[in-house]
1. I'd like the distance between the alpha-carbon centres of the range 333-391 and the range 177-201, rounded to an integer number of Å.
2. Cβ under 10 Å from ARG69's Cβ, ARG69 left aside: what net charge do those residues give with Lys, Arg +1 and Asp, Glu -1?
3. How would you rank GLU110, GLU354, going from fewest to most other Cβ atoms within 10 Å of each one's own Cβ?
4. Provide the per-residue ³J(HN,Hα) series for the range 166-174, in order, calculated from phi with Karplus coefficients 6.51, -1.76, 1.60 and θ = phi - 60°, each as a whole number of Hz, with x at glycine and proline positions.
5. Find, to one decimal place in angstroms, the Kirkwood hydrodynamic radius of the range 2-389, where the mean of 1/r is taken over every pair of different Cα atoms and then inverted.
6. Looking at the chain, what % of its DSSP beta bridges pair antiparallel, to the nearest 5?
7. Students often check this: by mean Cβ neighbours within 10 Å, which of 168-177, 320-329 ranks highest, and how do the rest follow?
8. How large is the dipole of the range 171-259 about the Cα centre if only Lys and Arg carry +1 and Asp and Glu carry -1, each at its Cβ, rounded to the nearest 20 debye?
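None of the figures in this text is laboratory data; all of them are computed from the coordinates on show. None of these values were measured; they are calculated from a predicted model. Neighbour counts are summed over all protein chains in view; Cβ atoms, including those assigned to glycine, are modelled from backbone coordinates with ideal geometry.
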Amino acid sequence: MIRTRRAAVAVLLALTLPLPVSVSTAFPAAAGVRFAIPRPTGPYEVGRDTLHLVDGDRRDAWVPKAGARELMVSMYYPARAGGRAAPYMTTDEAGLLLKGQKLDTAFKAEQLAGVRTNARVGARPVDGRHPLVVLSPGFSLNRATLTTLAEELGSKGYVVALVDHAYESFGTTFPGGRTLTCAACEVVEKAPSDEAEKRLLAKAAVGRAADISFVIDRLTRAAGSAPAWKRWKMIDPRRIGAAGHSLGGNAAASVMATDRRVRAGVNMDGTFFAPVPAAGLGERPFLMLGTKAGHSPDSTDTTWPRDWRRLDGWKRWLTVADSGHFTFIDLPILGGQAGMTDPAAPLSGKRSGEITAAYAGAFFDQHLRGERRPLLDGPSPANPEVAFQNP
């Protein structure tokens, strides 16, 4: 479970982040690489704002003495040229991520924090109302690890709310000079059994679902007060989706179980610790996108076939050959820029990013915009790595 997963995460980070000095002689150019998020493929530039949201109606479940539940949200939106480059993450966040994986003596926080992005702070938005997609990262991972997907969707005309959940990442910087660490990780690791661990992760997924609903409230008029984002009129509240990596993918399903406003969801390689309800998701569409090794119908994660049967609307179960748990986020992309791949997941970083963007983008185009995407109908010669499962 999470203990095993964190060990795998440490190995994958070692393969995908900038190289430590001790092995830099094998890749002498890596130390000088300026890592960058790939250029988005959509017709728009991408703007980014940052929000600090506080839910005064809920106490933080992991650190009750901290008081109200807090979230940091990066808002991506289709924009015109202008503004300054948006930072990837803070140096504190980068340092804590590396420390959490026991890689802080090998990598410099400044190099990870300095990844070049495409989004621009303060960019002027394009006109019109746009679908909203809320993104949730993997357990222990900062929201920045989903930057590639967020920028890609923004460039194609979506508003994206990329959420950091307090005390669920190795480090998230909040206003006032506070960087909160992963209290939830400590609670889960102290669980006395695998079953207790699964129950805690189910609790985390359900808590994130409440976070996502709260974010939607604060981005629209639903909260009964002025929306928290100054560009809120860009959002079409009739077209809202949710997606996430790992635990964030489970949260996407969980919020659909409780919030009818979320019309479509994507789980990228996440175990369904909190199960899809037996009654389904009200015939709303859902995409399961995972690794071939870990999430084929005969793999060890039995929650996927269980919840596949419960999905009662349009659905697809796709697996990606030669992929790993991090295939669907930024880290393999960055590692690929240094010429590195994970031997256990040899799919290139470039292809990892392309596949994730293509299928997640096609899914939301079809189900939030009503634009049919044949890519979702079956296997594609352009993407031979992607298999359509029909258990």
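1. Value for the Cα centre distance between the two parts: 31 Å.
2. That sum, taken over residues with Cβ under 10 Å, equals -3.
3. Working: GLU110 10, GLU354 19.
By the 10 Å Cβ count, ascending: GLU110, GLU354.
4. 3, 6, 10, 10, 4, x, 9, 8, 10
5. One over the average 1/r among Cα pairs gives 20.7 Å for the range 2-389.
6. 50
7. 320-329, 168-177
8. Details: 13 positive and 9 negative charges, 123 e Å.
The calculation lands at about 600 debye.
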